[in-house]
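Here's the structure, in C-alpha coordinates; my notes come after.
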Number of protein chains: 2
Amino acid sequence: MSLETISENRSFGGVQGVYRHRSAATGTDMTFAVYLPPQAEDGPVPLLWYLSGLTCTHENAMTKAGAQQWAAEAGLALVFPDTSPRGEGVADDAAYDLGQGAGFYVNAAQAPWSPHFRMWDYVVEELPGLVLDAFPLDPAAQGITGHSMGGHGALTIAMTHPDRYRSVSAFAPIANPTESDWGRKQFTAYLGEDRAAWSAHDASLLMAMRGYPGEVLIDQGASDQFLDLLRPEALAHAMVARRQAGMFRMQPGYDHSYWFVQSFMRDHVLWHAERLA
Amino acid sequence: MSLETISENRSFGGVQGVYRHRSAATGTDMTFAVYLPPQAEDGPVPLLWYLSGLTCTHENAMTKAGAQQWAAEAGLALVFPDTSPRGEGVADDAAYDLGQGAGFYVNAAQAPWSPHFRMWDYVVEELPGLVLDAFPLDPAAQGITGHSMGGHGALTIAMTHPDRYRSVSAFAPIANPTESDWGRKQFTAYLGEDRAAWSAHDASLLMAMRGYPGEVLIDQGASDQFLDLLRPEALAHAMVARRQAGMFRMQPGYDHSYWFVQSFMRDHVLWHAERLA
(Lines give C-alpha, C1' and ligand atoms only; values in the text may rest on other atoms or scores of the structure.)
Protein backbone atom coordinates (compact mmCIF):
# COMPACT_ATOMS: atom_id res chain seq x y z
CA MET A 1 0.00 0.00 0.00
CA SER A 2 1.50 3.33 -0.94
CA LEU A 3 2.00 6.00 1.63
CA GLU A 4 2.62 9.61 0.70
CA THR A 5 4.72 11.62 3.10
CA ILE A 6 3.27 15.10 3.57
CA SER A 7 5.73 16.26 6.20
CA GLU A 8 8.27 14.98 8.69
CA ASN A 9 9.75 17.09 11.46
CA ARG A 10 12.17 16.39 14.26
CA SER A 11 10.32 16.61 17.57
CA PHE A 12 11.78 15.82 21.02
CA GLY A 13 14.50 13.76 19.40
CA GLY A 14 11.98 11.73 17.38
CA VAL A 15 9.98 12.37 14.21
CA GLN A 16 6.51 13.86 13.82
CA GLY A 17 5.18 12.81 10.44
CA VAL A 18 2.00 13.39 8.47
CA TYR A 19 1.03 10.91 5.77
CA ARG A 20 -1.69 10.36 3.18
CA HIS A 21 -2.94 7.14 1.65
CA ARG A 22 -5.82 5.77 -0.37
CA SER A 23 -8.17 4.01 2.03
CA ALA A 24 -10.04 0.89 0.99
CA ALA A 25 -12.32 1.20 4.02
CA THR A 26 -13.56 4.71 3.27
CA GLY A 27 -12.93 4.80 -0.47
CA THR A 28 -11.22 8.17 -0.07
CA ASP A 29 -7.78 9.58 0.54
CA MET A 30 -7.10 9.69 4.28
CA THR A 31 -4.51 11.70 6.17
CA PHE A 32 -3.01 10.68 9.51
CA ALA A 33 -0.09 11.59 11.75
CA VAL A 34 2.50 9.38 13.44
CA TYR A 35 4.96 10.38 16.11
CA LEU A 36 7.99 8.11 16.44
CA PRO A 37 10.02 8.55 19.61
CA PRO A 38 13.84 8.46 19.53
CA GLN A 39 13.74 4.85 20.78
CA ALA A 40 12.18 3.76 17.47
CA GLU A 41 15.62 4.11 15.86
CA ASP A 42 16.68 1.02 17.80
CA GLY A 43 13.71 -1.19 17.01
CA PRO A 44 9.95 -1.59 17.36
CA VAL A 45 8.26 0.51 20.06
CA PRO A 46 4.80 0.33 21.66
CA LEU A 47 2.16 2.58 20.16
CA LEU A 48 -0.69 4.62 21.52
CA TRP A 49 -3.66 5.38 19.32
CA TYR A 50 -5.20 8.80 19.88
CA LEU A 51 -8.72 9.30 18.53
CA SER A 52 -9.93 12.86 18.17
CA GLY A 53 -13.28 14.50 18.73
CA LEU A 54 -15.95 16.21 16.68
CA THR A 55 -14.68 18.66 14.00
CA CYS A 56 -11.08 17.48 14.41
CA THR A 57 -8.64 16.21 11.80
CA HIS A 58 -5.38 14.33 12.45
CA GLU A 59 -3.91 17.72 13.23
CA ASN A 60 -5.66 18.96 16.37
CA ALA A 61 -4.19 16.56 18.88
CA MET A 62 -0.88 16.43 17.05
CA THR A 63 -0.40 20.16 17.57
CA LYS A 64 -2.38 20.88 20.74
CA ALA A 65 -2.26 17.83 23.03
CA GLY A 66 1.38 18.16 24.03
CA ALA A 67 1.80 14.41 23.85
CA GLN A 68 5.11 14.17 22.01
CA GLN A 69 7.33 15.22 24.90
CA TRP A 70 5.96 12.45 27.12
CA ALA A 71 5.92 9.91 24.32
CA ALA A 72 9.59 10.66 23.68
CA GLU A 73 10.38 10.22 27.34
CA ALA A 74 8.44 6.95 27.57
CA GLY A 75 9.50 5.54 24.20
CA LEU A 76 5.96 5.34 22.87
CA ALA A 77 4.79 6.01 19.31
CA LEU A 78 1.58 7.98 18.73
CA VAL A 79 -0.89 7.60 15.86
CA PHE A 80 -3.46 10.32 15.17
CA PRO A 81 -6.11 9.27 12.62
CA ASP A 82 -8.59 11.64 11.04
CA THR A 83 -12.18 11.58 12.34
CA SER A 84 -14.04 10.89 9.08
CA PRO A 85 -13.69 10.59 5.34
CA ARG A 86 -13.59 13.95 3.58
CA GLY A 87 -13.78 15.56 0.18
CA GLU A 88 -16.06 15.97 -2.77
CA GLY A 89 -18.40 13.08 -3.31
CA VAL A 90 -18.45 12.32 0.40
CA ALA A 91 -21.79 12.97 2.09
CA ASP A 92 -21.92 15.80 4.60
CA ASP A 93 -24.30 17.74 6.78
CA ALA A 94 -24.41 21.42 7.67
CA ALA A 95 -24.23 20.56 11.37
CA TYR A 96 -20.78 20.27 12.98
CA ASP A 97 -21.74 17.00 14.63
CA LEU A 98 -22.78 14.91 11.63
CA GLY A 99 -20.94 13.92 8.50
CA GLN A 100 -17.42 15.11 7.74
CA GLY A 101 -15.45 15.55 10.97
CA ALA A 102 -18.00 13.48 12.85
CA GLY A 103 -17.51 9.82 11.89
CA PHE A 104 -18.27 8.61 15.41
CA TYR A 105 -16.06 5.51 14.91
CA VAL A 106 -18.83 3.37 13.42
CA ASN A 107 -19.48 1.70 10.07
CA ALA A 108 -22.48 3.48 8.55
CA ALA A 109 -25.21 1.18 7.27
CA GLN A 110 -27.53 3.86 5.97
CA ALA A 111 -27.65 6.14 2.92
CA PRO A 112 -26.13 8.57 2.23
CA TRP A 113 -23.37 7.67 4.70
CA SER A 114 -22.68 4.01 4.07
CA PRO A 115 -20.36 4.31 1.04
CA HIS A 116 -17.61 6.19 2.87
CA PHE A 117 -18.33 6.48 6.59
CA ARG A 118 -16.63 3.28 7.76
CA MET A 119 -14.42 4.71 10.46
CA TRP A 120 -14.64 1.59 12.67
CA ASP A 121 -13.09 -0.54 9.96
CA TYR A 122 -10.63 2.18 9.09
CA VAL A 123 -9.33 2.70 12.61
CA VAL A 124 -9.58 -0.90 13.82
CA GLU A 125 -8.53 -2.82 10.72
CA GLU A 126 -7.06 -0.87 7.86
CA LEU A 127 -4.89 1.78 9.49
CA PRO A 128 -3.27 -0.63 11.99
CA GLY A 129 -2.20 -2.87 9.12
CA LEU A 130 -0.75 0.10 7.33
CA VAL A 131 1.20 1.69 10.17
CA LEU A 132 2.45 -1.59 11.59
CA ASP A 133 3.84 -2.36 8.17
CA ALA A 134 5.37 1.03 7.51
CA PHE A 135 6.87 1.96 10.90
CA PRO A 136 8.94 0.23 13.60
CA LEU A 137 6.00 -0.55 15.89
CA ASP A 138 5.32 -3.51 18.17
CA PRO A 139 1.91 -5.00 17.24
CA ALA A 140 1.71 -6.73 20.63
CA ALA A 141 1.98 -3.42 22.49
CA GLN A 142 -0.91 -1.19 21.42
CA GLY A 143 -2.96 1.09 23.63
CA ILE A 144 -5.77 3.49 22.77
CA THR A 145 -7.04 6.80 24.08
CA GLY A 146 -9.04 9.74 22.81
CA HIS A 147 -10.97 12.87 23.57
CA SER A 148 -14.74 13.39 23.52
CA MET A 149 -16.03 11.53 20.42
CA GLY A 150 -12.54 10.01 20.33
CA GLY A 151 -12.85 8.91 23.95
CA HIS A 152 -16.04 7.16 22.91
CA GLY A 153 -14.11 5.52 20.08
CA ALA A 154 -11.22 4.49 22.30
CA LEU A 155 -13.44 2.93 24.96
CA THR A 156 -15.75 1.08 22.57
CA ILE A 157 -12.88 -0.20 20.44
CA ALA A 158 -10.84 -1.32 23.45
CA MET A 159 -13.77 -3.16 25.02
CA THR A 160 -14.53 -4.85 21.70
CA HIS A 161 -10.90 -5.87 21.07
CA PRO A 162 -9.29 -6.14 24.49
CA ASP A 163 -6.84 -8.70 23.13
CA ARG A 164 -5.38 -6.12 20.78
CA TYR A 165 -5.51 -2.97 22.92
CA ARG A 166 -3.65 -3.75 26.11
CA SER A 167 -4.32 -0.34 27.67
CA VAL A 168 -7.11 2.21 27.44
CA SER A 169 -7.92 5.66 28.73
CA ALA A 170 -10.15 8.55 27.74
CA PHE A 171 -10.43 12.31 28.15
CA ALA A 172 -14.01 13.52 28.61
CA PRO A 173 -15.49 10.72 26.50
CA ILE A 174 -18.97 10.75 25.02
CA ALA A 175 -19.86 8.15 27.60
CA ASN A 176 -23.44 7.15 26.96
CA PRO A 177 -24.37 8.16 23.39
CA THR A 178 -27.54 6.05 23.19
CA GLU A 179 -29.03 8.41 25.79
CA SER A 180 -27.55 11.67 24.49
CA ASP A 181 -28.04 14.10 21.63
CA TRP A 182 -24.40 13.33 20.94
CA GLY A 183 -25.19 9.82 19.82
CA ARG A 184 -28.87 9.33 19.10
CA LYS A 185 -28.74 11.74 16.18
CA GLN A 186 -25.60 10.19 14.69
CA PHE A 187 -26.55 6.58 15.37
CA THR A 188 -29.95 7.15 13.77
CA ALA A 189 -28.26 8.61 10.70
CA TYR A 190 -25.38 6.14 10.43
CA LEU A 191 -26.81 2.94 11.91
CA GLY A 192 -30.56 3.35 11.52
CA GLU A 193 -33.45 3.21 13.93
CA ASP A 194 -32.63 -0.23 15.34
CA ARG A 195 -31.30 0.57 18.80
CA ALA A 196 -29.90 -2.94 19.17
CA ALA A 197 -27.13 -1.95 16.77
CA TRP A 198 -26.37 1.12 18.86
CA SER A 199 -25.43 -0.67 22.05
CA ALA A 200 -22.17 -2.00 20.59
CA HIS A 201 -21.12 1.66 20.37
CA ASP A 202 -22.02 2.90 23.83
CA ALA A 203 -19.19 2.81 26.36
CA SER A 204 -21.48 2.69 29.39
CA LEU A 205 -23.49 -0.20 27.98
CA LEU A 206 -20.35 -2.07 26.92
CA MET A 207 -18.91 -1.50 30.37
CA ALA A 208 -22.03 -2.99 31.94
CA MET A 209 -22.05 -5.91 29.49
CA ARG A 210 -18.38 -6.84 29.25
CA GLY A 211 -15.98 -4.32 30.76
CA TYR A 212 -12.26 -4.37 30.07
CA PRO A 213 -9.72 -6.89 31.37
CA GLY A 214 -7.16 -4.23 32.35
CA GLU A 215 -7.40 -0.98 34.21
CA VAL A 216 -9.33 1.95 32.73
CA LEU A 217 -8.39 5.60 33.27
CA ILE A 218 -10.98 8.34 32.70
CA ASP A 219 -10.39 12.06 33.15
CA GLN A 220 -13.31 14.47 33.02
CA GLY A 221 -13.30 18.22 33.55
CA ALA A 222 -15.86 19.38 36.12
CA SER A 223 -16.40 22.63 34.22
CA ASP A 224 -16.82 20.90 30.87
CA GLN A 225 -19.44 22.81 28.91
CA PHE A 226 -20.78 19.58 27.41
CA LEU A 227 -21.37 17.50 30.54
CA ASP A 228 -25.05 16.98 29.78
CA LEU A 229 -24.13 15.52 26.40
CA LEU A 230 -21.20 13.43 27.63
CA ARG A 231 -23.11 11.79 30.53
CA PRO A 232 -20.00 10.79 32.50
CA GLU A 233 -22.11 9.69 35.49
CA ALA A 234 -23.47 6.78 33.45
CA LEU A 235 -19.95 5.51 32.79
CA ALA A 236 -18.83 6.07 36.38
CA HIS A 237 -21.77 4.06 37.65
CA ALA A 238 -21.21 1.29 35.13
CA MET A 239 -17.51 1.08 35.98
CA VAL A 240 -18.04 0.76 39.70
CA ALA A 241 -21.11 -1.48 39.40
CA ARG A 242 -18.96 -3.83 37.33
CA ARG A 243 -16.00 -3.45 39.74
CA GLN A 244 -13.97 -2.38 36.71
CA ALA A 245 -10.33 -1.91 37.65
CA GLY A 246 -9.19 1.64 37.12
CA MET A 247 -10.07 5.16 38.10
CA PHE A 248 -12.46 7.93 37.22
CA ARG A 249 -11.09 11.37 37.96
CA MET A 250 -13.21 14.53 38.04
CA GLN A 251 -10.86 17.45 37.48
CA PRO A 252 -12.18 20.67 38.99
CA GLY A 253 -12.11 23.81 36.86
CA TYR A 254 -11.23 22.12 33.58
CA ASP A 255 -13.41 22.50 30.50
CA HIS A 256 -13.70 20.42 27.32
CA SER A 257 -10.78 22.00 25.45
CA TYR A 258 -7.27 20.89 24.66
CA TRP A 259 -6.17 23.01 27.61
CA PHE A 260 -7.76 20.24 29.65
CA VAL A 261 -6.36 17.44 27.50
CA GLN A 262 -2.80 18.72 27.56
CA SER A 263 -2.92 19.21 31.33
CA PHE A 264 -3.37 15.48 31.88
CA MET A 265 -1.62 14.12 28.82
CA ARG A 266 1.49 13.21 30.80
CA ASP A 267 -0.57 11.03 33.14
CA HIS A 268 -2.20 9.25 30.22
CA VAL A 269 0.98 8.65 28.22
CA LEU A 270 2.72 7.25 31.29
CA TRP A 271 -0.37 5.16 32.12
CA HIS A 272 -0.17 3.51 28.70
CA ALA A 273 3.62 3.24 28.67
CA GLU A 274 3.56 1.40 31.97
CA ARG A 275 1.02 -1.11 30.71
CA LEU A 276 2.61 -1.61 27.29
CA ALA A 277 6.15 -2.06 28.59
CA MET B 1 -10.48 17.46 81.17
CA SER B 2 -8.21 14.76 82.46
CA LEU B 3 -6.43 12.46 80.11
CA GLU B 4 -4.91 9.21 81.23
CA THR B 5 -1.89 8.04 79.30
CA ILE B 6 -2.07 4.30 78.70
CA SER B 7 1.07 4.04 76.59
CA GLU B 8 3.47 6.13 74.56
CA ASN B 9 6.02 4.67 72.17
CA ARG B 10 8.56 6.18 69.85
CA SER B 11 7.52 5.47 66.25
CA PHE B 12 9.25 6.77 63.10
CA GLY B 13 10.84 9.56 65.14
CA GLY B 14 7.49 10.62 66.60
CA VAL B 15 5.25 9.30 69.38
CA GLN B 16 2.42 6.78 69.17
CA GLY B 17 0.23 7.27 72.22
CA VAL B 18 -2.90 5.66 73.60
CA TYR B 19 -5.08 7.64 75.99
CA ARG B 20 -8.24 7.23 78.04
CA HIS B 21 -10.70 9.84 79.23
CA ARG B 22 -14.17 10.20 80.63
CA SER B 23 -16.50 11.18 77.81
CA ALA B 24 -19.40 13.51 78.42
CA ALA B 25 -20.88 12.61 75.03
CA THR B 26 -21.06 8.86 75.64
CA GLY B 27 -21.14 8.85 79.42
CA THR B 28 -18.39 6.22 79.43
CA ASP B 29 -14.64 5.99 79.50
CA MET B 30 -13.30 6.19 75.96
CA THR B 31 -9.92 5.16 74.62
CA PHE B 32 -8.24 6.69 71.59
CA ALA B 33 -4.83 6.80 69.94
CA VAL B 34 -2.79 9.77 68.69
CA TYR B 35 0.31 9.67 66.54
CA LEU B 36 2.46 12.78 66.72
CA PRO B 37 5.08 13.09 63.98
CA PRO B 38 8.59 14.38 64.75
CA GLN B 39 7.59 17.79 63.39
CA ALA B 40 5.20 18.25 66.33
CA GLU B 41 8.22 18.97 68.55
CA ASP B 42 8.60 22.27 66.76
CA GLY B 43 4.99 23.43 66.89
CA PRO B 44 1.43 22.63 65.87
CA VAL B 45 1.00 20.19 62.97
CA PRO B 46 -1.99 19.32 60.77
CA LEU B 47 -4.02 16.30 61.83
CA LEU B 48 -5.79 13.52 60.02
CA TRP B 49 -8.73 11.80 61.67
CA TYR B 50 -8.97 8.08 60.93
CA LEU B 51 -12.35 6.47 61.64
CA SER B 52 -12.43 2.69 61.88
CA GLY B 53 -14.94 0.11 60.77
CA LEU B 54 -17.26 -2.41 62.37
CA THR B 55 -15.80 -4.41 65.28
CA CYS B 56 -12.74 -2.14 65.51
CA THR B 57 -11.34 -0.25 68.47
CA HIS B 58 -8.78 2.57 68.39
CA GLU B 59 -6.19 -0.16 67.98
CA ASN B 60 -6.87 -1.79 64.60
CA ALA B 61 -5.79 1.01 62.33
CA MET B 62 -3.09 2.11 64.74
CA THR B 63 -1.38 -1.26 64.43
CA LYS B 64 -2.41 -2.46 60.97
CA ALA B 65 -2.84 0.53 58.65
CA GLY B 66 0.84 1.38 58.32
CA ALA B 67 0.03 5.07 58.48
CA GLN B 68 2.71 6.27 60.90
CA GLN B 69 5.62 6.07 58.48
CA TRP B 70 3.89 8.33 55.98
CA ALA B 71 2.54 10.66 58.64
CA ALA B 72 6.09 11.08 59.96
CA GLU B 73 7.35 11.86 56.49
CA ALA B 74 4.56 14.34 55.81
CA GLY B 75 4.49 15.91 59.28
CA LEU B 76 0.89 14.97 59.94
CA ALA B 77 -0.65 13.85 63.25
CA LEU B 78 -3.13 10.96 63.28
CA VAL B 79 -6.07 10.46 65.64
CA PHE B 80 -7.74 7.04 65.93
CA PRO B 81 -11.01 7.15 67.93
CA ASP B 82 -12.87 4.06 69.11
CA THR B 83 -15.99 3.04 67.16
CA SER B 84 -18.51 3.02 70.02
CA PRO B 85 -18.97 3.30 73.76
CA ARG B 86 -18.14 0.09 75.60
CA GLY B 87 -18.44 -1.61 78.94
CA GLU B 88 -20.98 -2.80 81.44
CA GLY B 89 -24.15 -0.79 81.48
CA VAL B 90 -23.75 0.02 77.80
CA ALA B 91 -26.35 -1.59 75.54
CA ASP B 92 -25.13 -4.23 73.14
CA ASP B 93 -26.35 -6.74 70.61
CA ALA B 94 -25.15 -10.25 69.82
CA ALA B 95 -24.57 -9.27 66.19
CA TYR B 96 -21.17 -7.86 65.24
CA ASP B 97 -22.79 -5.01 63.34
CA LEU B 98 -24.94 -3.43 66.04
CA GLY B 99 -24.11 -1.99 69.43
CA GLN B 100 -20.58 -2.09 70.85
CA GLY B 101 -18.03 -1.79 68.05
CA ALA B 102 -20.73 -0.55 65.67
CA GLY B 103 -21.58 3.03 66.60
CA PHE B 104 -22.02 4.07 62.96
CA TYR B 105 -21.03 7.68 63.77
CA VAL B 106 -24.55 8.80 64.67
CA ASN B 107 -26.29 10.07 67.79
CA ALA B 108 -28.79 7.40 68.79
CA ALA B 109 -32.29 8.70 69.48
CA GLN B 110 -33.86 5.37 70.41
CA ALA B 111 -33.82 3.08 73.45
CA PRO B 112 -31.74 1.25 74.48
CA TRP B 113 -29.02 3.03 72.54
CA SER B 114 -29.64 6.70 73.18
CA PRO B 115 -27.94 7.04 76.59
CA HIS B 116 -24.44 6.17 75.34
CA PHE B 117 -24.35 5.79 71.54
CA ARG B 118 -23.56 9.39 70.63
CA MET B 119 -20.56 8.80 68.40
CA TRP B 120 -21.33 11.75 66.10
CA ASP B 121 -21.06 14.20 68.98
CA TYR B 122 -18.09 12.34 70.37
CA VAL B 123 -16.06 12.37 67.15
CA VAL B 124 -17.20 15.73 65.81
CA GLU B 125 -17.39 17.79 68.99
CA GLU B 126 -15.92 16.32 72.15
CA LEU B 127 -12.78 14.54 71.01
CA PRO B 128 -11.58 17.39 68.77
CA GLY B 129 -11.80 19.79 71.71
CA LEU B 130 -9.84 17.38 73.83
CA VAL B 131 -7.01 16.54 71.43
CA LEU B 132 -6.63 20.10 70.16
CA ASP B 133 -6.20 21.17 73.77
CA ALA B 134 -3.83 18.40 74.79
CA PHE B 135 -1.52 18.09 71.76
CA PRO B 136 0.36 20.46 69.44
CA LEU B 137 -2.21 20.35 66.63
CA ASP B 138 -3.35 23.03 64.19
CA PRO B 139 -7.17 23.33 64.44
CA ALA B 140 -7.27 25.01 61.02
CA ALA B 141 -5.64 22.02 59.34
CA GLN B 142 -7.83 18.97 59.92
CA GLY B 143 -8.63 16.21 57.43
CA ILE B 144 -10.65 13.04 57.84
CA THR B 145 -10.56 9.53 56.42
CA GLY B 146 -11.72 6.08 57.40
CA HIS B 147 -12.42 2.53 56.37
CA SER B 148 -15.78 0.84 55.76
CA MET B 149 -18.11 2.13 58.51
CA GLY B 150 -15.34 4.64 59.19
CA GLY B 151 -15.32 5.70 55.54
CA HIS B 152 -19.04 6.34 55.94
CA GLY B 153 -18.28 8.41 59.03
CA ALA B 154 -15.50 10.36 57.33
CA LEU B 155 -17.58 11.24 54.29
CA THR B 156 -20.75 12.18 56.16
CA ILE B 157 -18.84 14.24 58.74
CA ALA B 158 -16.75 16.03 56.11
CA MET B 159 -19.77 16.90 53.99
CA THR B 160 -21.62 18.18 57.07
CA HIS B 161 -18.68 20.25 58.31
CA PRO B 162 -16.63 21.13 55.23
CA ASP B 163 -15.41 24.27 56.95
CA ARG B 164 -13.66 22.22 59.59
CA TYR B 165 -12.41 19.25 57.56
CA ARG B 166 -10.34 20.66 54.75
CA SER B 167 -9.60 17.27 53.17
CA VAL B 168 -11.44 13.97 52.97
CA SER B 169 -10.88 10.47 51.64
CA ALA B 170 -12.22 7.00 52.30
CA PHE B 171 -11.24 3.36 51.97
CA ALA B 172 -14.11 1.10 50.90
CA PRO B 173 -16.75 3.23 52.61
CA ILE B 174 -20.26 2.08 53.43
CA ALA B 175 -21.44 4.36 50.67
CA ASN B 176 -25.21 4.17 50.62
CA PRO B 177 -26.41 2.81 54.00
CA THR B 178 -30.05 3.81 53.55
CA GLU B 179 -30.25 1.18 50.80
CA SER B 180 -28.08 -1.49 52.43
CA ASP B 181 -28.29 -4.02 55.23
CA TRP B 182 -25.25 -2.18 56.55
CA GLY B 183 -27.30 0.87 57.39
CA ARG B 184 -31.02 0.14 57.42
CA LYS B 185 -30.68 -2.17 60.42
CA GLN B 186 -28.50 0.22 62.39
CA PHE B 187 -30.38 3.39 61.45
CA THR B 188 -33.66 1.74 62.43
CA ALA B 189 -32.19 0.79 65.78
CA TYR B 190 -30.34 4.01 66.51
CA LEU B 191 -32.39 6.66 64.70
CA GLY B 192 -35.84 5.09 64.42
CA GLU B 193 -38.14 4.38 61.52
CA ASP B 194 -38.19 7.95 60.18
CA ARG B 195 -36.08 7.69 57.05
CA ALA B 196 -35.81 11.47 56.83
CA ALA B 197 -33.34 11.32 59.72
CA TRP B 198 -31.29 8.72 57.87
CA SER B 199 -30.40 10.80 54.86
CA ALA B 200 -28.05 13.03 56.85
CA HIS B 201 -25.97 9.90 57.37
CA ASP B 202 -25.79 8.55 53.82
CA ALA B 203 -22.70 9.59 51.85
CA SER B 204 -24.33 9.08 48.45
CA LEU B 205 -27.36 11.16 49.40
CA LEU B 206 -25.22 13.88 50.94
CA MET B 207 -23.06 13.87 47.83
CA ALA B 208 -26.16 14.37 45.69
CA MET B 209 -27.53 17.07 48.01
CA ARG B 210 -24.45 19.09 48.88
CA GLY B 211 -21.15 17.50 47.90
CA TYR B 212 -17.82 18.68 49.25
CA PRO B 213 -16.01 21.91 48.37
CA GLY B 214 -12.61 20.23 47.95
CA GLU B 215 -11.47 17.10 46.16
CA VAL B 216 -12.62 13.67 47.36
CA LEU B 217 -10.50 10.51 47.10
CA ILE B 218 -12.16 7.09 47.28
CA ASP B 219 -10.37 3.75 47.05
CA GLN B 220 -12.36 0.55 46.71
CA GLY B 221 -11.10 -3.01 46.31
CA ALA B 222 -12.64 -4.81 43.36
CA SER B 223 -12.48 -8.13 45.23
CA ASP B 224 -14.03 -6.71 48.39
CA GLN B 225 -16.23 -9.40 49.90
CA PHE B 226 -18.77 -6.79 51.02
CA LEU B 227 -19.38 -4.91 47.77
CA ASP B 228 -23.11 -5.59 47.84
CA LEU B 229 -23.33 -4.02 51.28
CA LEU B 230 -21.02 -1.09 50.54
CA ARG B 231 -22.80 -0.05 47.30
CA PRO B 232 -19.84 1.94 45.89
CA GLU B 233 -21.62 2.41 42.55
CA ALA B 234 -24.17 4.69 44.23
CA LEU B 235 -21.40 6.97 45.48
CA ALA B 236 -19.52 6.90 42.17
CA HIS B 237 -22.66 7.93 40.32
CA ALA B 238 -23.46 10.66 42.83
CA MET B 239 -19.91 12.04 42.67
CA VAL B 240 -19.84 12.29 38.90
CA ALA B 241 -23.46 13.45 38.58
CA ARG B 242 -22.58 16.30 40.93
CA ARG B 243 -19.26 16.92 39.12
CA GLN B 244 -17.58 16.45 42.49
CA ALA B 245 -13.86 17.17 42.24
CA GLY B 246 -11.77 14.15 43.07
CA MET B 247 -11.34 10.56 42.05
CA PHE B 248 -12.85 7.16 42.56
CA ARG B 249 -10.35 4.33 42.19
CA MET B 250 -11.33 0.68 41.81
CA GLN B 251 -8.32 -1.38 42.88
CA PRO B 252 -8.27 -4.81 41.24
CA GLY B 253 -7.64 -7.83 43.46
CA TYR B 254 -7.93 -6.04 46.79
CA ASP B 255 -10.42 -7.16 49.41
CA HIS B 256 -11.92 -5.39 52.43
CA SER B 257 -9.05 -6.04 54.84
CA TYR B 258 -6.26 -3.91 56.21
CA TRP B 259 -4.02 -5.49 53.59
CA PHE B 260 -6.00 -3.29 51.23
CA VAL B 261 -5.98 -0.25 53.50
CA GLN B 262 -2.24 -0.36 54.13
CA SER B 263 -1.51 -0.76 50.40
CA PHE B 264 -2.98 2.67 49.67
CA MET B 265 -2.34 4.44 52.97
CA ARG B 266 0.63 6.33 51.56
CA ASP B 267 -1.54 7.83 48.83
CA HIS B 268 -4.16 8.91 51.35
CA VAL B 269 -1.75 10.41 53.87
CA LEU B 270 0.00 12.37 51.12
CA TRP B 271 -3.39 13.41 49.69
CA HIS B 272 -4.34 14.94 53.04
CA ALA B 273 -0.90 16.39 53.76
CA GLU B 274 -0.92 18.22 50.45
CA ARG B 275 -4.31 19.77 51.16
CA LEU B 276 -3.61 20.64 54.80
CA ALA B 277 -0.21 22.22 54.16
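The values are calculated or read from the model by the stated rules, or taken from the named source; none is laboratory data. Not measured: the values here are computed from a predicted model. Please note: Cβ atoms are built from the backbone with ideal geometry, for glycine as well, and neighbour counts cover all protein chains shown. Heads up: the accessible areas ignore ligands, DNA and RNA and are worked out on the full protein's heavy atoms, side chains in. Shrake-Rupley method; radii C 1.70, N 1.55, O 1.52, S 1.80 Å.
Numerical summary
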item: Dimensionless Rg ratio for the stretch A:133-239, taking C-alpha atoms and the 2.2 N^0.38 Å reference; result: 1.08
item: Residues of the stretch A:188-227 buried by at least 10 Å² on assembly (accessible area, 1.4 Å probe, chain alone as reference); result: A:215, A:222, A:227
item: Per residue accessible area of chain B, 1.4 Å probe, in Å²; result: 35 Å²
item: Cut-off 14 Å between beta-carbons: net charge of the residues surrounding residue A:213, Lys and Arg +1, Asp and Glu -1; result: +4
item: Cα gyration tensor of the stretch A:3-276 - equivalent ellipsoid semi-axes, whole Å, descending; result: 26, 23, 17
item: Per-copy distances of the residue B:94 label point, shortest first, in nm (7 angstrom along Cα→Cβ); result: 7.6
item: Partner lysines for residue B:64 [C-alpha distance under 30 Å; skip if fewer than 8 residues away on the same chain]; result: B:185
item: Prolate/oblate/rounded call for the protein assembly as shown, Cα gyration tensor, a/c under 1.5 rounded; result: prolate
item: Chains B and A together, accessible area buried on both sides, 1.4 angstrom probe, square angstrom; result: 1700 Å²
item: Projected label distance in nm at residue B:181 and residue B:10, using a 7 Å step from Cα toward the beta-carbon; result: 5.0 nm
item: Formal net charge of residues neighbouring residue A:30 (Cβ-Cβ distance under 10 Å; K, R +1; D, E -1); result: 0
item: Pairwise FRET efficiency - residue B:42 versus residue B:96, Cβ, R0 = 56 Å, nearest 0.05; result: 0.85
item: Pseudo-label separations to other copies for residue A:209 - Cα-to-Cβ vector, 7 Å, nm; result: 3.8
item: Rg over Rh, two decimals, the stretch A:1-152 (C-alpha only, Kirkwood Rh); result: 0.97
item: Global form of the stretch B:214-271, assessed from the alpha-carbon gyration tensor, a/c cut-off 1.5; result: oblate
item: Rounded percent of accessible protein surface that carbon and sulfur make up, the stretch B:78-197, 1.4 Å probe; result: 49 percent
item: Prolate/oblate/rounded label for the stretch A:109-168 (Cα gyration tensor, a/c 1.5); result: oblate
item: Chain B, helix-only ellipticity at 222 nm - DSSP H runs n ≥ 4, -39,500 (n - 2.57), divided by all residues, nearest 500; result: -8500 deg cm²/dmol
item: Label distances, nm, residue B:44 versus same residue in remaining copies, Cβ-directed 7 Å point; result: 6.2
item: Net charge over other residues, Cβ less than 10 angstrom from the Cβ of residue B:86 (K, R count +1; D, E count -1); result: -4
item: Sequence-separation-based contact order of the stretch A:3-276, relative, with Cα cut under 8 Å and 6+ spacing, percent; result: 18 percent
